[in-house]
Amino acid sequence: MPTFVDMTKCDGCGQCVDICPSDIMHIDKTTRRAYNIEPNFCWECFSCVKSCPQHAIDVRGYADFAPLGHKVRVHRDEEGGKVHWLIGYRDGREKEFTFPIRTTPWGSIPAAQEHQAPGPNDIKSPQLAHEPTALKIDSLPTLEEAQNRG
Amino acid sequence: MAKASRKTVFVDSDVLILGGGFGGCGAAYEAGYWDRDAKIVLVEKANIERSGAVAHGLAAINCYMGMRWGENNPEDHVRYARADMLGLTREDLGYDNARHVDSTVHKFEEWGLPIMRDAETGRYLRQGKWQIMIHGESYKPIIAEAARKTATEVYNRIMITHLVKDKNDPERIAGAVGFGVRDGKYYVFRSKSVIVAAGGASHIYRPRSIGEGSGRAWYAPWSSASAYGLLIPLGVKMTQMENKIVLTRFKDGYGPVGAWFLLLKSHAENALGEKYEPRWFETIKGMVGDYAEQHPFPTCLRNHAMIEEIKAGRGPIYMRTEHVLDTDDKEEKGWEDFLDMTVGQAVVWASMNIDPKEDPSELIPSEPYVMGSHATCSGAWASGPQDISPDDYHWGYNRMLTIKGLFGAGDTIGGTAHGFSSGSHTEGRLAGKSAVEYAGDMKGSKPELDDREIERLKGEVFKPLDNYLVGSNEVVAGEVNPNFITPFQGLQRLEKIMDEYVGGVSSLYVTNGHMLNRGLEMLGMLKEDLDKIGAEDLHQLQRAWELNHRVWTSESVTRHTLFREETRWPGYYYRGDHPNLDDENWHVFTGSTYDPKTGEWHMEKLPQHHLFS
Ligand SMILES: Cc1cc2nc3c(=O)[nH]c(=O)nc-3n(C[C@H](O)[C@H](O)[C@H](O)COP(=O)(O)OP(=O)(O)OC[C@H]3O[C@@H](n4cnc5c(N)ncnc54)[C@H](O)[C@@H]3O)c2cc1C
Ligand code: SF4
Ligand code: SF4
């Protein structure tokens, strides 16, 4: 059933409810803990798994085609800028991987308005924000240039 | 379950962005850059931190020119997309995306997206001619951060159900309405300009996995066709809606194949260990003529070879991963490809004891999808940029649709194949800039809403809740009810119709005029039944409106498929009654416009202009 929640670990904080793009992690009224209300609309995107402070959410592959006995666990270390994966095979083999996720501190991206404002008539030009500098070439390519190249 | 309060909330803006995926986030950033005083409101049905097709993250950016290193020119990308689409793309829009896309990608890197580098050249590590490799687990949160910082307000968990036009000018947009999936309020957004960036469509066709596994669709299950379902009923001109896409993917997990074919140099074989594509070349040439000679071999034609090979009894088809993972680095890249963007495929490997270093994996052609930013280009007919577009492709503002003040980006826009994540963000930026310029030009003139219409829509929006409540009183329990069907029951009906009549997997993608007409009859009745959808709670109300958008989109897909009397893209779908490509009559875009007053559909051929040799 794609994601499922460990009854003893979940404290009902709602982080998974807040993040799930499919709106299928809900808090059960009776137990006050989260569960997947619509497993056949779960993409196994792991967004909720990564967001859970208690590591209470796990995934069991889709019953249509995934034999039992596997595990895919993840720890997303936002501060450290890394994501760690542990793959457990049905036959017990394991693999581990770690990948970088970001090179700058979280929250460090400036709003577009923090950059110098464009001139009053610049909006009529075909250039987008930060161009041509951000293109890292001299000027925005034009149709004439392209057609001349043949 | 939360009860709907149905209180009405009004929100005004200069630029209203519907959908905070790649297109929407690009639009918010760009609009904020060009007009420091504009009020920019971004509305999203989920949470922009992890919404849309990139919720997992991605392992590659599939559209990057590398102009700073002289790697590609934008017009070469136009030629590539044109070849892959067997001749038909909006070359003005494609060129425009391609000439700007590098600045988008450079910005991503500056913001903190880790882009892999080639150790020898120091350039971005290429997966293929157009693709670069990234460590993209946090691709979406990074892009969302820039949008959130820039937008005036971001509303998460609001499902937009309808666009609304101006009270006094039926050709002008005035805003959109929807409901809070958490608070049950009725939201009315009034805006000078509106950008639709609500993404493409899964679950139009019955998926191969119909149980739990139906969630493991290739495009996200939440890609609900809203981009098209919002536009079509309003009377916006659509194009190439028949150009659905079938994807060759790792079986069941739908893991992408790009990195395996291009970077890791793996290849596909039939069950006998034969490379099968060359065997089908002559038959393909018989169907599509010289388009078969193009390099790289078009995506749909590769599907076709695989489908024929399976029909000939030589399946399963295998990706021979075990031949290529000979270093730790390659093994890591192979796994990261899936862990970054399709974790479900790693789950399949673990559950089936498949170690890609030792075992091959099955490949399969998926069910069809409808979208506009991949190897396909369904969507709305849009105005192009003034300095590029021929006259009949340009009416005022870049990326404006056929209604004044209404713009689109990403999957929304028709004709712009192969934009992918970076192209969609770029197109969002183009739309954001245009929308803010348009809003500025409209300074004195505010759009007006028709109060009666807004009240009428409110009734329509919440009707599925009433249907459920009233209908349920008549039966003891359960969801078998003569008064309503649930959104899921409706979805299953839709998927069955599309699968069986409009070229899904059960007929191996074959349809014809008779089947399409029969499909339209069935869709007509389903459309009537949309009035009788019963939703138990706000979550189901969201599903009800997702179904509504999918049904409108499906009707459009079916009408376009009926209109184009040829088989342009074997491997995506086949018109059994017109089995070959017919350039003499169909080297054109298909266009459709629904008339909301009469309920009639107007179909037309739209010109294909080639800007490059
Ligand atoms: C498995 C997979 C692999 C891919 N691989 C790559 C790759 O390697 N490289 C690459 O460059 N691209 C890749 N892509 C393509 C890329 O993800 C898309 O091209 C891009 O996300 C399209 O952008 P968009 O803004 O049109 O749609 P999206 O990014 O999907 O955004 C649409 C947004 O609209 C919201 N929305 C929808 N309906 C409503 C509504 N009614 N009301 C409010 N909000 C709504 C959605 O929640 C979503 O946030 C891949 C996609 C998938 C699914
Ligand atoms: S995030 Fe974890 S702890 Fe919080 S509600 Fe969800 S499962 Fe429970
Ligand atoms: S894996 Fe993704 S779709 Fe499934 S419940 Fe978690 S967040 Fe939702």
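The values are calculated or read from the model by the stated rules, or taken from the named source; none is laboratory data. These figures come from a predicted structure and were not determined experimentally. Cβ coordinates were reconstructed from backbone atoms using ideal geometry, including for glycine residues, and neighbour counts include every protein chain displayed.
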I'd like to check something: does the stretch B:473-495 contain any residue that is among the acidic types (Asp, Glu), at pLDDT below 95 and more than 16 Å from ligand 2 (Cβ to nearest atom)? yes
A:Gln127 meets each of (1) in a loop (DSSP other than H, G, I, E, B); (2) surrounded by fewer than 15 Cβ atoms within 10 Å (Cβ to Cβ) with one exception, condition (2)
Of B:Ser434, B:Ser389, the only residue that is farther than 22 Å from B:Phe189 by Cβ and modelled with pLDDT of 95 or more is B:Ser389
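Of these, B:Pro570, B:Pro487, which one is in contact (Cβ under 8 Å) with a residue 60 or more places away in the chain, touching a Pro at 6+ places or on another chain (Cβ under 8 Å) and not small (Gly, Ala, Ser)? Explain how you work it out, then say what you get.
On the way: B:Pro570 fails: touching a Pro at 6+ places or on another chain (Cβ under 8 Å).
Criteria check complete, one pass: B:Pro487.
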Residue hits (the stretch B:66-97; more than 8 Å from chain A (Cβ to nearest Cβ), out of contact with any helix residue (DSSP H, G or I) (no Cβ under 6 Å at 6 or more places or on another chain) and in a loop (DSSP other than H, G, I, E, B)) are B:Gly66, B:Gly70, B:Glu71, B:Asn72, B:Met85, B:Gly87, B:Leu88, B:Arg90
Of the candidates A:Glu96, A:Glu114, A:Glu145, the one satisfying the condition of being of a type in the set (Asp, Glu), more than 7 Å from chain B (Cβ to nearest Cβ) and touching a Phe, Trp or Tyr at 6+ places or on another chain (Cβ under 8 Å) is A:Glu96
Cβ pairs under 7 Å, 6+ apart or interchain, first in the stretch A:12-25 and in the same structural domain as A:Pro39 (by TED's automatic domain parsing) and without any contact (Cβ under 8 Å) to a residue 40 or more places away in the chain, second within 11 Å of ligand 1 (Cβ to nearest atom) and in a helix (DSSP H, G or I), ordered by first then second residue, are A:Ile19/B:Glu49; A:Ile19/B:Arg50; A:Pro21/B:Arg50; A:Asp23/B:Gln542
**Asked** Do the conditions hold for A:Asn36, that is, is it modelled with pLDDT of 95 or more, surrounded by 20 or more Cβ atoms within 10 Å (Cβ to Cβ) and within 16 Å of ligand 2 (Cβ to nearest atom)?
**Response** yes
Quick count over the stretch B:184-241, residues being away from ligand 3 (no atom under 16 Å from the Cβ), within 29 Å of B:Val343 (Cα to Cα) and surrounded by fewer than 24 Cβ atoms within 10 Å (Cβ to Cβ), is 3
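Residues that are in a loop (DSSP other than H, G, I, E, B), within 9 Å of chain A (Cβ to nearest Cβ) and touching a residue at least 24 places away in the same chain (Cβ under 8 Å): does the stretch B:98-119 have at least one? Before you say what the answer is, go through the steps one by one.
Residues of the stretch B:98-119 in a loop (DSSP other than H, G, I, E, B): B:112-114, B:116, B:118-119.
From what is left, the residues that are within 9 Å of chain A (Cβ to nearest Cβ) are B:112-114.
If we keep only those that are touching a residue at least 24 places away in the same chain (Cβ under 8 Å) as well, we get B:112-113.
Yes, the stretch B:98-119 contains at least one residue that is in a loop (DSSP other than H, G, I, E, B), within 9 Å of chain A (Cβ to nearest Cβ) and touching a residue at least 24 places away in the same chain (Cβ under 8 Å).
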Filtering the stretch B:12-71 down to residues that are over 20 Å from the mean Cα position of the chain (by Cα) and of a type in the set (Gly, Ala, Ser) yields B:Ser13, B:Ala31, B:Gly32, B:Ala38, B:Gly66, B:Gly70
Filter the stretch A:57-77 for residues that are within 12 Å of ligand 3 (Cβ to nearest atom) and more than 7 Å from chain B (Cβ to nearest Cβ); the one that is farthest from B:Ala350 (Cα to Cα) is A:Ile57
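Would you be able to tell me the number of residues in the stretch B:345-401 that are touching a strand residue (DSSP E or B) at 6+ places or on another chain (Cβ under 7 Å) and within 30 Å of B:His610 (Cα to Cα)? Steps first, please.
Keep residues of the stretch B:345-401 that are touching a strand residue (DSSP E or B) at 6+ places or on another chain (Cβ under 7 Å), which gives B:345-347, B:350, B:354, B:360-366, B:368-372, B:374-376, B:378-383, B:399-401.
From what is left, the residues that are within 30 Å of B:His610 (Cα to Cα) are B:368-372, B:374-376, B:378-383, B:399-401.
Residues meeting the conditions: 17.
Give A:Pro105, A:Pro53 a once-over and let me know the one that is within 16 Å of ligand 3 (Cβ to nearest atom), more than 16 Å from B:Val343 (Cα to Cα) and not in a helix (DSSP H, G or I). Reasoning before the result, please.
Values: A:Pro105 fails: within 16 Å of ligand 3 (Cβ to nearest atom).
After applying the criteria, what remains is A:Pro53.
Among the residues of the stretch B:49-65, write down those that are more than 10 Å from chain A (Cβ to nearest Cβ) and outside any strand (DSSP E or B). Give the derivation first.
The first filter runs over the stretch B:49-65 and keeps only residues more than 10 Å from chain A (Cβ to nearest Cβ), leaving B:58, B:60-64.
If the condition is that a residue be more than 10 Å from chain A (Cβ to nearest Cβ) and outside any strand (DSSP E or B), then B:Asn62, B:Cys63, B:Tyr64 are the ones that fit.
For (1) near ligand 2 (Cβ under 10 Å from one of its atoms); (2) surrounded by fewer than 19 Cβ atoms within 10 Å (Cβ to Cβ); (3) within 23 Å of B:Gln540 (Cα to Cα), each residue gets a yes or a no:
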site	(1), (2), (3)
A:Gly14	yes, yes, yes
A:Pro21	no, no, yes
A:His26	yes, no, yes
A:Arg32	yes, yes, yes
A:Trp43	no, no, yes
A:His55	yes, yes, no
Of the residues in the stretch B:120-147, those that are of a type in the set (Val, Ile, Thr) and more than 9 Å from every other protein chain (Cβ to nearest Cβ) come to B:Thr121, B:Ile132, B:Ile134, B:Ile143
Condition set buried (at least 24 other Cβ atoms within 10 Å of the Cβ) and among the acidic types (Asp, Glu), scope the stretch B:385-428, selection farthest from the chain's Cα centre (by Cα): answer is B:Glu427
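Only one residue in B:Ala144, B:Ala119 is more than 12 Å from B:Ile61 (Cβ to Cβ) and buried (at least 20 other Cβ atoms within 10 Å of the Cβ). Which one?
Details: B:Ala119 fails: buried (at least 20 other Cβ atoms within 10 Å of the Cβ).
On inspection, the qualifying residue turns out to be B:Ala144.
Is it fair to say A:Arg33 is over 24 Å from B:Asp337 (Cα atoms), more than 8 Å from chain B (Cβ to nearest Cβ) and within 15 Å of ligand 3 (Cβ to nearest atom)? Write out each step before concluding.
On the way: over 24 Å from B:Asp337 (Cα atoms): yes; more than 8 Å from chain B (Cβ to nearest Cβ): yes; within 15 Å of ligand 3 (Cβ to nearest atom): yes.
Spelling it out, A:Arg33 is indeed over 24 Å from B:Asp337 (Cα atoms), more than 8 Å from chain B (Cβ to nearest Cβ) and within 15 Å of ligand 3 (Cβ to nearest atom).
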Selection from the stretch B:442-459 of residues closer than 25 Å to B:His549 by Cβ and surrounded by 15 or more Cβ atoms within 10 Å (Cβ to Cβ) yields B:Pro447, B:Leu449, B:Asp450, B:Glu453, B:Ile454, B:Leu457, B:Lys458
Heads up, the helices (runs of 4 or more DSSP H) in the stretch B:268-362 (entirely inside) with at least 1 residues that are more than 14 Å from chain A (Cβ to nearest Cβ) and of a type in the set (A, V, I, L, M, F, W, C) are B:281-288, B:299-311
Exactly one of A:Pro39, A:Pro53 is without any contact (Cβ under 8 Å) to a residue 60 or more places away in the chain, away from ligand 1 (no atom under 16 Å from the Cβ), within 7 Å of chain B (Cβ to nearest Cβ) and within 20 Å of the chain's Cα centre (by Cα), and that one is A:Pro39
The correct count of residues that are within 16 Å of ligand 1 (Cβ to nearest atom) and not in a helix (DSSP H, G or I) in the stretch A:3-36 is 6
